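The values are calculated or read from the model by the stated rules, or taken from the named source; none is laboratory data. Everything numeric here is computed off the predicted structure, so don't read it as measured data. All Cβ positions, glycine included, derive from the backbone under ideal geometry; neighbour counts span all protein chains shown. Heavy atoms of the whole protein, side chains included, go into the accessibility calculation; ligands, DNA and RNA do not. Shrake-Rupley method; radii C 1.70, N 1.55, O 1.52, S 1.80 Å.
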Amino acid sequence: SQTIHQWPATLVQPVGSPLSLECTVEGTSNPNLYWYRQAAGRGLQLLFYSVGIGQISSEVPQNLSASRPQDRQFILSSKKLLLSDSGFYLCAWSASTVYTFGSGTRLTVV
Amino acid sequence: DQQVKQNSPSLSVQEGRISILNCDYTNSMFDYFLWYKKYPAEGPTFLISISSIKDKNEDGRFTVFLNKSAKHLSLHIVPSQPGDSAVYFCAASVGFGSARQLTFGSGTQLTVLP
């Protein structure tokens, strides 16, 4: 069966520091991978998606970037965090119509 | 431009009664709709879906209704249980095969009172 792992679960980072969140999927090949963010009291906003290694599409221009160095690995990064980057970050994968989400990372930028 | 809207940010229902969560969309190209349930500090979990060629899909206590002419879908939970208390997101997609992307609504917090 397929599983998705996302870490860390919580993270507190100072403004201006770098960020790296990792997501891996097991039990499937060539999944579509996604990064979403849920800001406090708001819905799910698509940040990046990838249909293959090295293929990244950005939905919202911002302080973040994504990379897919391996088929089942998706990384969300920032060189310098802003206060507005705080939120709940979710990784997801899909093969067709249903997305499966990871458990999320609560990022607090202080 | 919000293509998927959940106009009720919260809903409270008594245990055992029906919960009805609503969702409206604007893009007539959407052809697949899903509901997700989310507990605090967890990722959303898939609940139920419906294709645009259907107007109803049922799975146990959960039923989703789709009204394409009104661009409206709803999730019915009968009977409601305290464990159903969570945020419910509706989502819609268009595309072919692996090119699909989901657009989510802003969510409705359901509270089932014992």
Practice task
For A:Ser96, work out the one condition from (1) closer than 28 Å to B:Lys5 by Cβ; (2) more than 10 Å from chain B (Cβ to nearest Cβ); (3) of a type in the set (Gly, Ala, Ser); (4) part of a loop (DSSP other than H, G, I, E, B) it doesn't fulfil.
Solution key: (2)
Exercise for the section: Being touching a Leu at 6+ places or on another chain (Cβ under 9 Å) and farther than 16 Å from A:Gly43 by Cα is the filter here, so list the residues in the stretch B:12-31 that pass it. Expected result: B:Ser12, B:Val13, B:Gln14, B:Glu15, B:Ser19, B:Ile20
Exercise for the section: Taking A:Leu81 as the residue in question, decide whether it is surrounded by 14 or more Cβ atoms within 10 Å (Cβ to Cβ) and either over 11 Å from the mean Cα position of the chain (by Cα) or among the polar types (S, T, N, Q) (or both). Expected result: yes
Handout entry: Flag for A:Gly43 being surrounded by fewer than 22 Cβ atoms within 10 Å (Cβ to Cβ) and at the interface with chain B (Cβ under 8 Å from one of its Cβ atoms)
Key = yes
Problem - Residue in the stretch B:34-41 that is at the interface with another protein chain (Cβ under 9 Å from one of its Cβ atoms), outside any strand (DSSP E or B) and closer than 30 Å to A:Gly52 by Cα present - result: yes
Handout entry: Search result, residues across the stretch B:2-27 that are open to solvent by 60 Å² or more (accessible area, probe 1.4 Å), farther than 16 Å from B:His72 by Cα and among the hydrophobic types (A, V, I, L, M, F, W, C)
Key = B:Ile18
Completion exercise
Checking B:Ser51, B:Ser74, B:Ser85, B:Ser80 in turn, the sole residue that is open to solvent by less than 50 Å² (accessible area, probe 1.4 Å) and within 12 Å of chain A (Cβ to nearest Cβ) turns out to be B:Ser51
Exercise for the section: For A:Gly54, indicate whether it is within 12 Å of chain B (Cβ to nearest Cβ) and on the phi > 0 side of the Ramachandran plot. Expected result: no
Completion exercise
Reported set for the stretch A:66-93 where residues are of a type outside the set (Lys, Arg), in contact (Cβ under 8 Å) with a residue 60 or more places away in the chain, over 18 Å from B:Ala41 (Cα atoms) and more than 14 Å from chain B (Cβ to nearest Cβ) is A:Ser78, A:Leu81, A:Leu82, A:Leu83
